[in-house]
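Reviewing the structure listed below.
The values are calculated or read from the model by the stated rules, or taken from the named source; none is laboratory data. Model, not experiment: these values are computed from the prediction. No Cβ is skipped: glycine too gets one built from the backbone with ideal geometry, and neighbour counts run over all protein chains shown. These area figures cover heavy atoms from the full protein model, side chains too; ligands, DNA and RNA do not enter into them. Shrake-Rupley method; radii C 1.70, N 1.55, O 1.52, S 1.80 Å.
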Amino acid sequence: MTNVEIGLTGLAVLIILIGLRVPIAIALFSVPFAGIYAMFGWRPALGALKVIPYDFAASWELSSIPMFLLMGYLAYHTGITAGLFDAARVWLARLPGGLAIASIFGASGFAAVTGSSVATAAAMGKIAVPEMQRHGYDPRLSTGTVAAAGTIGALIPPSILLILYGIIAEVPINKLFLGGAGVGLLSAFAYVLVVIIWVKLRPDVAPRSDESHTMRERLTMLRKVLPALLLAFMVFGGLFAGLFTPTEAGAVGAALCTLIAAGQRKLTMRNFRISVGEAFATTSALLFIVIGANLLARFVALSGVDAYIADVVAAVSSSTVLFLLGIVTIYLVLGMFLEPTGAMIITLPIVLPVASTLGVNELWFGIFLAKILEVGMITPPIGLNVFVLKNVVDRSISLGTIFKGTTWFLVADMLVLVTIVLVPAFVLLLPGLL
Amino acid sequence: MRFIVSLIDPATFVLAIVAGLAVVAMMVQVSLDVVMDVLFGTPVPATLTLVAGYYMPLITFLPLAFVERLESHISVEVMTQFFPARGQKHLHGWIFLFCCIVCGMLTYATWIEAVDKFHIGSFSIERGIKIVNWPVRFAAPAGYGLLCLLFLLKFIAYLAGASMHPDTRNRLDIFKNDGGPNE
Amino acid sequence: AGPVVAKDLRYAVGLPESSYNFDAAVAFSEELAETTDLDVKVFGMSLLGLNEIPGGIRDGLADIGYTLFPYFPAEFSELNLPANLSMLATSGTPAQNAGPAMIGASMEYIMLNCPDCQEQLKSLNTVYLSGGAAVDYGLVCNTPVRSIEDIAGKRVRTGTPDMGRFIEYYGGTQVALSGNEIYDALSTGNVDCSTNSPENLTGLRYIEVVDSITHLMPGSMFSGLGTANMNRDTWAGLTEDERRAVMEAGGRLALNAWEILKERNEAGLAAMEDEGKEVIQISEDDKAKITAFVEQDYPVVTAQFAEQYGLENVEAKAEMIKGLVEKWKGLTNEVDGADIQAFSDLYVQEIYSKIDTSTYGLE
Ligand code: NA
Ligand code: NA
């Protein structure tokens, strides 16, 4: 077998293993190991296991994941977020799917702090999903909303993905950030529409509150929101004032959350312990998969499958439209298996030259790419946002339910992609003002 | 099976406790670092190195068996739900063996690397301070190794016809959540 | 002898394809394609990250790789000593071409005069074939540093320990940040300055978020590099002619990288001026102060390598490096700055011709 054949076989075996209910992380570790063994022998295969998992985990940037998770769990278990959602319920009672819409806005705010969509999905999953469950929302709606809204995390700045693109493609990062903000907001808007339409068509998925509230009640509710607002204000404020970096924001946020809860006398040894336990267990389960996915990306690069797929696409793309269609296809396929940074690193060197030959605007292309790659976060079989949600929400909600919940949001994502192809101004307008 | 699992649960518990301490230490140190830096211009020494080289590996690797005890390692149940129940049970049992082998490889590989780093005496240097980091290398084989053992026990339980999902109340429960927010 | 079959080799750069190191690696691959039957495939970041490269080379995931020694203070403790003394090349006796001088001194030290280095490389299943130098570090700032006194009170991110000590010596605070965070940190004002080559202004796009660069403050370089570290088994599998070709191409790889960097540094400074941002030139007064710093820093380095890195005979090793730096300043000062071939000839004459390719990296 040629290396490309080994690579393609490996991907097929991976799908079978996952289909047979092998834990995803185990499947992700086994395929690259066997594949590298088949291509280069025992020592490189073992070497990949010796070097990559540890060096990947020993990372300062990844530390934002346990910290944002801890903040999310603490906010949830100490009831800080419950206040927020009580208020949202009272204020948005008349709006169909009000809580789901509130979580999309919440996720957009969170996205502005974290550089990654996983961290956004993790924190919002813990904060928003249980509250929606409590108010009788269909689990498909509640989890689908948050999984999709999480993808905004890597579009709205700061974004590790866009920084990486800017450096590789030599495009101004601050312009990418503005373009990303535009598409992030467009996506948020599209998700809100999905929620509204979904709830209009099937009112039972989001029971509307029949309570009526006096203005006085509403204002009282606002007081319950103060701790959450204080937390958000301090985290955002500190970030924009340059007091700490996005990575540090998670830790500072968790610490502030602890202090606020203690100040409200809602912090107990028990809820602190449980929050810590859930933070490390979720981090560990998630990174087990992410490291496996990272290993898979090396295998894909070593086997040359990435170049092979790109060649096939380049051969059929004689026009810009065909090229973009090809790109969407490649990245939807790659996005099924790879996480966005891995997919970007291995494919950009191949795809970028074709794009510039065809005269595609590189700034626009970066945002377009980031958007498709983020779509991969919620597509099966490897949808990291969906996995992280599976881990943070009630265990009665199955993975299938969450994937089903994301379906309509995927449709919205496709429409967003079409929109930015037809009206590039959604991407280019804000950066143009710079 | 309950008996066998009770043999390794203490180890699972100890590793989970260490991971928990790492989470708390990370939160405290990074926050202190920010506060000291903003107020006095003197950041806490070696924060970046400790977070990347100590806390993150501990949090990543040590809880792996704990997560498996809670059955929170993620898998997809789309296809197999159409299999007959008996077939599902056998498939499930043999998958434990597969998992055990993969984790065994990971344990072996990371163990060799950890021993190698121990002999080298690996360390890092941040702002002139030397921080020895080889001990944390052993978190990887410890985490993978215990997970490997747990999968092996589950496979043995399958062969013996015992329950593969022993759920006994034990000390692991201190990290478990059994309800909503406690307001 | 069997039929001639092209040998496929994998070179891991660990940096984006837009980096100058990648361009230099491609030139290295092209040269070997012409002179040998070796087919070198160059990988950017997709094969191995910078922190994975030595392990990847050791186990044969990559055959050749770009290795940053300071990332691995224990593993490459011996090779880090010349790297930590690289300010010797940019201070004291004037050097017209500090980069090629330091590369030459490092290579002569590591390949011909440091059995402990070779022992260490062997334990990592690695052969060292060439050095490297990222030159002309300055202070990239969002609050300008116009003279050395302005460093006091500034929060500065530094890439190497010697520059870190320089900042603290003049009253600044070293801030520890990972490379990915520098852009954001400069943008929010979390740090005031970062020590970088002017190339990074455009290459890493810092130009978008900073107001000034203090060129050549401290003017130091990053020389803890093995630009063509090779897996020993791969090396052993080459013919002697191939070994010599790879080795000498490695030296040119280091020089090409240096030359491309010099050009990009010029372009980075020009871009700053085009943007109407400040390019501050360092004064003679400050140059003297940098030399004073380097002199008092020398015993600090030797003490650190004896106590923390655990090296033996540090004094003797450092003295030898110091002597080699002086020697190479003299040799390279004779060469016109643009003449890569002349530098390459010097490396062959002084170093590579003295290497026995039937034994080097094999026993
Ligand atoms: Na973001
Ligand atoms: Na996916």
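Given a Förster distance of 25 Å, report the FRET efficiency between C:Asp37 and C:Ser358 from their Cβ-Cβ distance, rounded to the nearest 0.05. Can you show the working numbers first?
Working: r = 19 Å, r/R0 = 0.78.
Computed FRET efficiency for C:Asp37 and C:Ser358 comes out at 0.80.
Can you tell me how chain A classifies by the Cα gyration tensor, rounded, prolate or oblate, using a/c under 1.5 as the rounded cut?
It comes out prolate by the Cα gyration axes.
Under a 1.4 Å probe, what is the accessible area of the stretch A:3-433 per residue, stated in Å²?
Numbers: 14110 Å² over 431 residues.
Per residue, the stretch A:3-433 has 33 Å² of solvent-accessible surface.
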Determine how large the accessible area of A:Val321 is when every protein chain is in place; take a 1.4 Å probe and give Å² rounded to the nearest 10.
100 Å²
Read phi for every residue in the stretch A:426-431 and hand back ³J(HN,Hα) as whole Hz from Karplus 6.51 cos²θ - 1.76 cosθ + 1.60, θ = phi - 60°, with x for Gly and Pro.
4, 8, 8, 5, 4, x
DSSP-defined beta bridges in the protein assembly as shown - what % are antiparallel, rounded to 5:
50 percent
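Taking the Cβ-Cβ separation of C:Glu240 and C:Asp345 as r and a Förster radius of 25 Å, what is the calculated FRET efficiency to the nearest 0.05? Before the final figure, lay out each step's value.
Working: r = 21 Å, r/R0 = 0.83.
The computed FRET efficiency comes out at 0.75.
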Taking alpha-carbon centroids only, the stretch C:26-56 lies from the stretch A:371-434 a number of Å equal to 36 Å
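Please compute the average number of Cβ atoms from other chains found within 10 Å of each residue's Cβ in peptide C:58-70. Working shown, then result.
Numbers: counts 5, 13, 9, 12, 3, 0, 0, 0, 0, 0, 0, 0, 2.
Mean partner-chain Cβ count within 10 Å for C:58-70: 3.
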Using a 1.4 angstrom probe with every protein chain in place, what is the largest-first accessible-area order of A:Lys50, C:Lys262?
C:Lys262, A:Lys50
Between the alpha carbon centres of the stretch A:25-95 and the stretch B:1-65 the gap in Å comes to 15 Å
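To check you understand DSSP bridge types, tell me what percent of the beta bridges within chain C (both residues inside) are antiparallel, rounded to 5.
Numbers: 14 of 31 bridges.
Once the DSSP bridges in chain C are tallied, antiparallel ones form about 45 percent.
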Summed for both chains, how many Å² of accessible area, to the nearest 100, are buried between A and B with a 1.4 Å probe?
5800 Å²
Arrange the residues C:Arg244, A:Arg265, C:Arg252 by how much accessible surface each exposes, largest first, with a 1.4 angstrom probe.
A:Arg265, C:Arg244, C:Arg252
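Which order do B:His92, C:His215, B:His119, A:His77 take when ranked by solvent-accessible area (1.4 Å probe, heavy atoms of all protein chains), largest first? Before the final figure, lay out each step's value.
Details: B:His92 45, C:His215 25, B:His119 140, A:His77 5 Å².
From most accessible down to least: B:His119, B:His92, C:His215, A:His77.
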Would you mind checking the stretch C:183-203 for residues with the amide N under 12 Å from a putative spin-label position 7 Å along Cα→C-beta of A:Glu170?
C:202-203
Table column - 3J(HN,Hα) (Hz), the stretch C:344-355, Karplus curve with 6.51, -1.76, 1.60, x for Gly and Pro:
4, 4, 4, 4, 5, 5, 8, 10, 4, 5, 8, 8
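Kirkwood hydrodynamic radius (Cα pairs, Å) of the protein assembly as shown?
Details: mean 1/r = 0.0341 Å⁻¹.
Kirkwood hydrodynamic radius for the protein assembly as shown: 29.3 Å.
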Could you give the length gained by full extension between A:Ala425 and A:Arg208, i.e. 0.36 nm per residue of separation minus their alpha carbon distance, to one decimal place?
74.4 nm
If you count only protein heavy atoms and use a 1.4 Å probe, how large is the accessible surface of B:Trp134, to the nearest 10 Å²?
70 Å²
Vicinal HN-Hα couplings computed from phi for the stretch C:315-328 (Karplus, 6.51 cos²θ - 1.76 cosθ + 1.60; Hz; Gly/Pro x):
4, 5, 4, 5, 4, 4, 4, 4, x, 5, 4, 4, 4, 6
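Using a 1.4 Å probe, what is the accessible area per residue for chain B, in Å²?
Details: 7980 Å² over 183 residues.
Per-residue value: 44 Å².
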Could you sort A:212-220, B:95-103 so that the peptide with the highest average Cβ count within 10 Å comes first and the rest follow in order?
B:95-103, A:212-220
Whole-angstrom gap from the stretch C:104-179 to the stretch C:250-303, using each part's C-alpha centre:
11 Å
Taking amide hydrogens as modeled 1.01 Å from N in the peptide plane, which residues meet the under 5 Å criterion relative to C:Leu216, leaving out close sequence neighbours?
C:Gly138, C:Leu139
Whenever you get a sec, compute what percent of the accessible area on the stretch A:3-433 sits on carbon and sulfur atoms (1.4 Å probe).
69 percent
Shielding of C:172-181 by other chains, given as the mean Cβ count within 10 Å, works out to 6
Separation of the B:Phe40 and C:Val300 label points, Cα + 7 Å toward Cβ, nm
2.2 nm
Nearest-0.05 FRET efficiency for A:Ser396 and B:His119 at R0 = 60 Å, using Cβ-Cβ distance, is 0.75
What average number of partner chain Cβ atoms lie no more than 10 Å from the Cβ of the residues making up B:112-123?
4
How much accessible surface area, in Å² rounded to 10, belongs to the heavy atoms of C:Met163 with a 1.4 Å probe?
0 Å²
